[in-house]
Amino acid sequence: MKATEFDLQLATLRPTLRTFTRRFTRDRDESLDLVQDTILKALTYRNKFREDTNLKGWLFTIMRNTYINNYRKVQRAKTSHDNTKDLYFLNVEDTHTFNRPEESFEFKEVWRNVNALKDELLMPFKMHTSGYKYHEIADQLNIPIGTVKNRIFHARKEIQRNLAGYQ
C-alpha cells in the first residue's frame with residue numbers, strides 16, 4: 001500500500017476511531033487526544049503495517065494499547081496536586097512521624113547485612129535498588145544480563161537468610 005493510499009484510508013477512518021473512543025472515555029478532550037495519539041502512532045509505524053492486515057483492526061489495537069498504557073502511567077503517578085500559593089502543602093514538614101527508620105535498630109541491621117555482601121553481589125544489588133535496569137547494570141559492570149539477575153537474586157536470598165531471626 002502506498003503512503004498516499006494509507007493516509008487516505010487513515011483519514012476516512014478518523015470518525016470511526018472517534019466513535020470507538022467512547023468505549024474508553026466519555027471525556028471529549030481525552031477522546032480527541034486518544035484519536036490523535038493513535039493516528040500519530042499509525043503514521044510513525046506505517047512500515048510495520050502489512051498489506052494483508054485489516055487497517056481498522058490494526059488502528060483499534062493501537063488505540064486500545066495506547067489507552068491502557070496511558071491509564072497505567074496515570075495510576076503509577078498518582079501524584080497530588082498542590083494548588084496553594086507557593087506550593088505550601090508540599091513544603092510543610094511532616095511533624096507526625098514519630099518512628100524515624102534511620103534511627104531504628106532494624107533499619108541499621110538490614111543495611112549492615114546489605115553492606116556485608118560480597119562485592120560481586122553488592123554492586124549489582126545496590127544499583128538495582130537505586131533504580132537501574134538490568135541491562136544498564138550489565139552494561140556498566142560489563143557482565144551478561146543473566147549474571148546480573150542471578151547476582152541480585154542471590155543477594156536477596158543471602159540478606160533474607162541473615163535476617164531470618166528478626167521476623
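Every read-out reported here was derived from the displayed coordinates using simple, explicitly stated rules and does not represent laboratory data. Owing to the predicted nature of the structure, the values given are computational and were not obtained by experimental measurement. Here the Cβ positions follow ideal geometry from the backbone for every residue, glycine too, while neighbour counts run over all protein chains shown.
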Average projected area of the Cα convex hull of the range 103-166, in nm²?
4.3
How many nm is it between the label spots at E109 and K149, if each spot is 7 Å from the Cα in line with the beta carbon?
3.3
Loop-resident trypsin sites (Lys or Arg not before Pro) in the range 107-167 with no more than 10 other Cβ atoms inside 10 Å, DSSP not H/G/I/E/B, are none
Which of the trypsin sites (Lys or Arg not before Pro) across the range 1-44 are loop residues per DSSP, with 15 or fewer other Cβ within 10 Å?
K2, R26
Fully extended contour minus Cα-Cα distance, from Q9 to F49, at 0.36 nm per residue:
13.1 nm
Quick one: which of K108/K149; K73/K126; K73/K149; K2/K48 span more than 19 angstrom between C-alpha atoms?
K108/K149; K73/K126; K73/K149
Do me a favour and compute the ellipsoid semi-axes for the range 3-77 from its Cα gyration tensor, root of five times each eigenvalue, largest one first, whole Å.
22, 14, 10
Are there chymotrypsin sites (Phe, Trp or Tyr not before Pro) in the range 17-53 that DSSP puts in a loop and that have at most 12 other Cβ atoms within 10 Å, and which ones?
Y45
On the formula 1/(1 + (r/R0)^6), with r taken between the Cβ atoms of D139 and D119 and R0 of 25 Å, the FRET efficiency rounded to 0.05 is 0.85
